[in-house]
Amino acid sequence: MFFSRFTFLISFCLFFLSTAFGQNSFNQGILTGIILDKNTQKPLAGFTLLLNPGASSVVSDSLGRFRFSDLNPGTYIITITGVGYNTKTLENLLVTNGNVNNISIELEASSVVLDNVTVTGRKNNVRATSLETPLSVQRLTTEEIKRNPGGNFDISKVVQSLPGVGGGAGGGGFRNDLVVRGGAPSENVYYLDGIEIPVLNHFGTQGSGGGPQGILNANFIEDVKMNTSAFDARYDNALSSVLQFRQKTGNSQKSQGNVILSATDLAITADGPLAKNTTYLASVRRSYLQFLFKAIDLPIRPNYWDYQLKINTRLGSKTTLSLVGIGAIDEFSFARPRNASPEKLYVINSNPSINQWNYTVGASIKKLIKNGFVNLSVSRNTLNNQVEKYEDNENPTLASRTLFTDSRETENKLRIDATHNSKGWKVSYGLMAQYVDFNNRFENVYRKELVDTNGNIVQPEIRISAATSTDFFKYGGFLQVGRRILNERMAVSAGARIDGNSLATSESNPFKQFSPRLSLSYALTNQWNLNASVGRYFKLPSYTQLAFFNQANNRANPGSYIQSDHYVLGTEYVPTSSLRFTVEGFYKKYSNYPVSLLDGVSLANKGSDFGSIGNEPIVQSGKGRAFGLELFAQKKLSKRFFGILSYTFYRSEFTRLDGIYLPASWDNRHLLSATWGYKFKRNWELGLKFRLQGKAPFSPFDLEQSQLNYLSIGTGVLDYSRFNSERLPVFHASDVRIDKKWNYRKFTLDVFLDVTNWYAAKVPGPPQYTFTRNAENTSFISNDGNAVKPDGSNAIPLILKNNDATPTPTFGLIVEF
């Protein structure tokens with residue numbers, strides 16, 4: 001009923017607009033921006049920009065700014081040329097009558113500068129790729145994010161189209177647990193305009209980072225850069241990837257905005273000038289998933305808000321101040337479905353209720369200096385996480401509570417770094433200091449009956465609890481040096497960082513976390529590059545682990561840094577500015593990985609559920625290894641077609657408590673993603689994506705312990721002696737998106753249909769353990785005709801299959817004004 005009404009509304013809007021106004025081509029489009037030197041961040045004046053189609057051109061002014069106006073709405077390509085710099089081409093630049101497209105373009109010098117004299121006329125124009133990260137780098141633009149089929153404007157889902165990136169444990173579930181090259185979701189770090197944002201998703205798992213819905217507003221983002229190895233030394237705590245989100249700058253000429261209405265949420269974005277040299281970007285989004293899930297009779301009721309803000313001001317010709325803010329409020333509750341079934345009723349008591357809020361606020365000052373720039377940033381972020389679970393989530397009582405978390409972690413950060421360019425050398429260095437304040441109340445109860453030689457029950461219940469509060473300092477520094485040699489055919493980048501902290505159970509000496517890395521890139525021809533890197537990286541374990549204190553044996557968890565060594569070799573082929581192919585092989589080796597003393601499982605295998613991880617006794621004796629091969633092809637939009645094809649074969653294994661290697665929970669072995677798009681005439685656009693993940697590991701149930709514990713914890717108990725010994729079927733699905741755009745004199749309307757899993761493929765997930773219910777699904781039944789005992793010993797077990805095939809259509813519209 002909900003979808004049919006929404007479909008009628010969209011269809012009526014389409015019919016009304018197409019008949020009342022018709023297709024039009026008002027020449028109101030504007031494309032503006034600024035050109036900067038990539039290494040010094042100085043504006044570049046006098047550079048020529050050629051715009052196609054139309055072959056119109058402009059020249060950047062004294063502040064590096066440019067402007068194209070009176071453009072027909074459509075997609076454009078810009079080519080930028082200037083003396084002493086590499087020519088650069090940008091594809092897929094969308095121009096509409098609704099919003100001004102404001103972009104920032106960075107150019108790299110094409111020759112070596114010595115003592116203010118430019119050396120030109122090199123005999124060979126073959127040149128190595130980027131100094132800082134010559135390999136394991138992928139980029140996505142805002143248009144690729146917005147038009148990604150099945151992405152629904154969620155950046156966390158869109159990056160899963162890139163090589164080496166999987167969507168978490170299982171066969172392709174609904175969560176954004178980014179698994180990069182076989183590493184755990186907790187091994188990734190995220191930066192928004194240089195400010196670290198620890199939380200990227202709504203309903204995130206504390207200590208891990210995944211969640212079902214991304215927080216970032218895609219309308220803010222100019223591009224996304226993802227490094228899956230060879231990280232710049234300025235970034236700490238990364239073991240698997242660094243995602244850098246670069247935001248747009250607000251329109252300096254006039255206020256503008258857009259509204260996105262879909263089947264799941266409503267988002268409003270606005271930007272414009274605040275003063276002569278100050279611009280803003282602001283957005284708010286409100287979900288109404290709780291109404292949708294009620295309409296389709298699902299027992300869960302998720303609800304969220306999120307907010308985002310950026311203010312940019314020029315304090316002078318060489319100084320810029322940026323303010324960044326992002327936050328979210330999440331609520332997760334339950335309601336009994338109208339048409340009960342064992343599957344729907346299982347959801348109610350197998351999941352906890354969640355109340356979370358988080359925010360990150362930061363300020364950064366960039367000051368240009370001779371041949372470089374200096375950045376100073378301060379930021380604060382907080383995550384408040386409240387999780388509760390009861391034996392009966394519909395009728396909660398304190399006596400029946402089996403899981404409780406009330407946790408708040410706050411970080412206050414100060415970073416300063418500088419970049420200098422002199423005589424062909426690029427040198428970056430900086431320092432970091434953080435003050436961490438963490439408070440945690442935790443309690444977990446489950447039954448595990450142990451019987452002595454006389455048949456007596458000696459341990460009817462296990463209770464894990466903690467009430468801790470800790471604060472400490474983190475500190476670190478880095479140095480990164482790069483240079484082009486061999487007539488610029490080879491780029492060499494070497495870096496190192498050190499990190500330490502004041503926590504008593506961790507490591508205060510930063511040199512024990514000495515993290516060197518080296519990257520090389522050699523230009524075989526002007527189209528082929530050979531790249532290699534080696535590096536050692538460290539990460540501090542989660543605060544939940546660091547603060548946990550086992551009162552039973554008066555023991556605190558260790559806090560050693562997790563170590564990962566990376567070895568990567570690859571080649572890149574770039575025949576045109578719009579076409580790119582890469583092949584890379586990688587090997588990652590882990591040590592000091594946390595392993596649970598309760599179940600013997602590495603924490604690398606946890607974090608794909610709601611709640612938190614690390615609230616348990618830990619040892620750090622774990623090891624791990626991940627290796628594989630990635631193939632990637634990307635066709636940027638030129639004329640009407642664009643596409644991405646990526647395939648990864650990999651293995652991922654971590655040791656359990658006894659040192660034996662077992663497949664990681666996301667050891668799917670095969671990842672395949674193909675995304676294709678075509679822009680038709682009259683502003684119609686079609687996108688299609690196909691996804692495939694290999695057979696995901698899962699663990700069978702311990703049937704005896706499951707029967708004893710099911711009534712209290714709402715789920716079965718896994719047989720950890722056979723951890724990840726079985727595998728699910730191969731997962732595959734396809735998503736489709738159709739867009740139709742109308743450009744009017746003062747605004748633009750885009751109506752879209754996005755269908756996830758349009759051909760209704762089954763989505764395999766681990767089976768679920770429950771008890772058999774009566775025909776009316778009102779109560780459990782027993783094997784002796786009596787009421788089910790409190791310990792469940794006379795209940796009849798039932799294994800539920802978890803392989804639903806549910807296409808998910810999303811209808812919506814975007815209004816730019």
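Six or more apart or on different chains, Cβ atoms under 8 Å: show the pairs whose first residue is in the range 84-104 and touching a residue at least 24 places away in the same chain (Cβ under 8 Å) and within 22 Å of Ala45 (Cβ to Cβ) and whose second is outside any strand (DSSP E or B) and among the aromatic types (Phe, Trp, Tyr).
Hits for this filter: Tyr85/Phe47.
Go through the range 203-251 and give me each residue that's without any contact (Cβ under 8 Å) to a residue 60 or more places away in the chain and either open to solvent by less than 10 Å² (accessible area, probe 1.4 Å) or over 21 Å from Val180 (Cβ atoms) (or both). Spell out how you get there, then give the answer.
Start the filter on the range 203-251 by keeping residues that are without any contact (Cβ under 8 Å) to a residue 60 or more places away in the chain, which leaves 211, 235, 242, 244.
Gly211, Val242, listed by residue number.
Select, from Val189, Val224, Val199, the only residue that is within 11 Å of the chain's Cα centre (by Cα), aliphatic (A, V, I, L, M), assigned to a strand (DSSP E or B) and closer than 23 Å to Ser407 by Cβ.
On the way: Val224 fails: closer than 23 Å to Ser407 by Cβ; Val199 fails: assigned to a strand (DSSP E or B).
Among Val189, Val224, Val199, only Val189 is within 11 Å of the chain's Cα centre (by Cα), aliphatic (A, V, I, L, M), assigned to a strand (DSSP E or B) and closer than 23 Å to Ser407 by Cβ.
Inside the range 647-670, can you point out the residues that are buried (at least 22 other Cβ atoms within 10 Å of the Cβ), closer than 27 Å to Glu572 by Cβ and at pLDDT 95 or above?
Correct list: Thr648, Tyr650, Ser652.
Inside the range 334-426, counting only strands (runs of 3 or more DSSP E) that do not spill past its ends, which hold 3 or more residues that are surrounded by fewer than 20 Cβ atoms within 10 Å (Cβ to Cβ) and of a type in the set (Val, Ile, Thr)? Break it down stepwise before answering.
Values: elements: 353-369, 372-390, 401-422.
Strands (runs of 3 or more DSSP E) meeting the threshold: 353-369, 372-390.
Considering each of Leu323, Leu274, Leu266 in turn, give the residue that is of a type in the set (A, V, I, L, M, F, W, C), within 29 Å of Leu368 (Cα to Cα), under 25 Å from the mean Cα position of the chain (by Cα) and open to solvent by 40 Å² or more (accessible area, probe 1.4 Å).
Details: Leu274 fails: under 25 Å from the mean Cα position of the chain (by Cα); Leu266 fails: within 29 Å of Leu368 (Cα to Cα).
Within the list Leu323, Leu274, Leu266, the selection yields Leu323.
Tell me which residues, restricted to the range 501-544, are of a type outside the set (A, V, I, L, M), within 22 Å of Ile613 (Cβ to Cβ) and part of a loop (DSSP other than H, G, I, E, B).
So the first thing to find is which residues in the range 501-544 are of a type outside the set (A, V, I, L, M), and the list is 501-502, 505-517, 519, 521-522, 525-529, 531, 533, 535-539, 541-544.
Keeping just the survivors that are within 22 Å of Ile613 (Cβ to Cβ) gives 501, 505-507, 537-539, 541-544.
Thr505, Ser506, Glu507, Pro541, Ser542 - these are the residues of the range 501-544 that are of a type outside the set (A, V, I, L, M), within 22 Å of Ile613 (Cβ to Cβ) and part of a loop (DSSP other than H, G, I, E, B).
Of everything in the range 586-603 that's touching a Phe, Trp or Tyr at 6+ places or on another chain (Cβ under 6 Å) and open to solvent by 20 Å² or more (accessible area, probe 1.4 Å), which residue is nearest to Leu718 (Cα to Cα)?
So, considering only residues that are touching a Phe, Trp or Tyr at 6+ places or on another chain (Cβ under 6 Å) and open to solvent by 20 Å² or more (accessible area, probe 1.4 Å), the one nearest to Leu718 (Cα to Cα) is Asp599.
Within the range 759-817, how many residues are of a type in the set (Asp, Glu) and modelled with pLDDT of 90 or more?
Looking only at the range 759-817, we keep the residues that are of a type in the set (Asp, Glu), and these are 776, 784, 791, 804, 816.
Applying the additional criterion that residues be modelled with pLDDT of 90 or more yields 816.
Total satisfying the criteria: 1.
Return the pairs, sorted by first residue and then second, in which the second residue is open to solvent by 20 Å² or more (accessible area, probe 1.4 Å) and not in a strand (DSSP E or B), the first residue lies in the range 745-760 and is at positive phi, the beta carbons are less than 6 Å apart, and the residues are 6+ apart or on different chains.
From the range 745-760, the pairs are Asn757/Pro807; Ala760/Ala805; Ala760/Pro807.
Among the candidates Val568, Val583, which residue alone is at pLDDT 95 or above, buried (at least 18 other Cβ atoms within 10 Å of the Cβ) and under 25 Å from the mean Cα position of the chain (by Cα)?
Details: Val583 fails: buried (at least 18 other Cβ atoms within 10 Å of the Cβ).
Residue meeting the stated conditions: Val568.
The rows are residues; the columns are (1) at pLDDT below 95; (2) crowded, with 16+ Cβ neighbours inside 10 Å; (3) in a strand (DSSP E or B).
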{"position": "Leu281", "(1), (2), (3)": "no, yes, yes"}
{"position": "Gln290", "(1), (2), (3)": "yes, yes, no"}
{"position": "Phe293", "(1), (2), (3)": "yes, yes, no"}
{"position": "Ser317", "(1), (2), (3)": "yes, no, no"}
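Would you say Gly677 is under 30 Å from Thr402 (Cβ atoms) and touching a Phe, Trp or Tyr at 6+ places or on another chain (Cβ under 9 Å)?
Against the criterion (under 30 Å from Thr402 (Cβ atoms) and touching a Phe, Trp or Tyr at 6+ places or on another chain (Cβ under 9 Å)), Gly677 does not qualify.
Any idea which residue in the range 258-290 is farthest from Val199 (Cα to Cα), counting only those that are free of Cβ contacts under 8 Å to residues at least 40 places away in the same chain and either of a type in the set (Val, Ile, Thr) or out of contact with any strand residue (DSSP E or B) (no Cβ under 8 Å at 6 or more places or on another chain) (or both)?
In this case the residue turns out to be Lys276.
Go through Lys606, Lys636 for me and flag whichever is under 21 Å from the mean Cα position of the chain (by Cα) and either of a type in the set (Asp, Glu) or open to solvent by 30 Å² or more (accessible area, probe 1.4 Å) (or both). Working first, answer last.
On the way: Lys636 fails: under 21 Å from the mean Cα position of the chain (by Cα).
None of the other options fit; the residue is Lys606.
Yes/no per residue for (1) in contact (Cβ under 8 Å) with a residue 24 or more places away in the chain; (2) of a type in the set (Asp, Glu); (3) open to solvent by less than 20 Å² (accessible area, probe 1.4 Å); (4) in contact with a Phe, Trp or Tyr (Cβ under 7 Å, 6 or more places away or on another chain):
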{"residue": "Tyr522", "(1), (2), (3), (4)": "yes, no, no, no"}
{"residue": "Asn531", "(1), (2), (3), (4)": "yes, no, yes, no"}
{"residue": "Ala547", "(1), (2), (3), (4)": "yes, no, yes, yes"}
{"residue": "Arg555", "(1), (2), (3), (4)": "yes, no, no, no"}
{"residue": "Ile562", "(1), (2), (3), (4)": "yes, no, yes, yes"}
{"residue": "Pro575", "(1), (2), (3), (4)": "yes, no, no, no"}
{"residue": "Ser578", "(1), (2), (3), (4)": "yes, no, yes, no"}
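Can you find, within the range 805-817, the residue that is most open to solvent (accessible area, probe 1.4 Å) among those that are over 30 Å from Phe780 (Cβ atoms) and part of a loop (DSSP other than H, G, I, E, B)?
So the residue we want is Phe817.
Inspect the range 63-75 for any residue being more than 29 Å from Lys740 (Cβ to Cβ) and small (Gly, Ala, Ser) and give the result as yes or no.
Yes: the range 63-75 contains one or more residues that are more than 29 Å from Lys740 (Cβ to Cβ) and small (Gly, Ala, Ser).
The values are calculated or read from the model by the stated rules, or taken from the named source; none is laboratory data. Quick caveat: nothing in here was measured; it's all calculated off a predicted structure. Backbone-built Cβ (ideal geometry, glycine too); neighbour counts: all protein chains shown. When the accessible area is computed, the model is the full protein with side chains, heavy atoms only, and any ligands, DNA or RNA have been set aside. Shrake-Rupley method; radii C 1.70, N 1.55, O 1.52, S 1.80 Å.
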